[in-house]
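Take a look at the structure below.
Computed from the coordinates by the stated procedures, all read-outs in this text should not be read as laboratory data. Every value quoted in this text rests on a predicted model; they were computed, and no experiment measured them. Cβ placement follows ideal geometry from the backbone for every residue including glycine, while neighbour counts extend to all protein chains displayed.
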Amino acid sequence: MRSIEPLTIQDVVAARARIASSIARTPLIRLAVDAPAEIYLKLESLQPIGSFKIRGAMNAIRSLPPESLSGGVYTASAGNMAQGVAWGARELGVPCTVVMPDNAPRTKLEAVARLGASIVPASMAREMVLGPQGTLFVGSQRAGKVHAVIDRDGPEAHLAAGGKSLLGEIGKGSGYDQS
């Protein structure tokens, strides 16, 4: 079994640089409550899709070689990651297909559709099958490529590094100034 190297600070710094033009630098605020410790909130709900998932999605998409984007991007998600990938695809002008459970909340389905993604509804229990080389099948139709194998340089690592990019906006000396 192959070991997977952990993310490094350099991975996170590179992700922050890669996605800086696409995401909001969200405020970190202190929650004014009487508690045994200080509590801070990172307002990622102020991101364009209302979630921090845009960070990982944008980093994963922007990490792909340009020639691989011509065929579009794919994801399987019931909500926030679907919106993040659809947002990123729209921003880069590439097609996006999202396999979503047929029982996903209507608000999520509508948000993904508004962002221009094609939605492939699927019953998670019966219809979704992962085939060879990460090919996702819905029923008998090929829906696209998903990445089922975690790879240090693959999309899962880029998702994680992008998500962790918010750490640079937290803490003393982080340079966070809301500008």
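One table, with the values for the structure above:
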read-out	value
FRET efficiency, S68 to K42 (Cβ-Cβ, R0 45 Å, nearest 0.05)	0.90
Loop trypsin sites (Lys or Arg not before Pro), segment 1-67 (other Cβ atoms within 10 Å of the site Cβ: 15 or fewer; DSSP)	R2
Per-residue Cβ neighbour rank within 10 angstrom, fewest leading, Y74, Y40	Y40, Y74
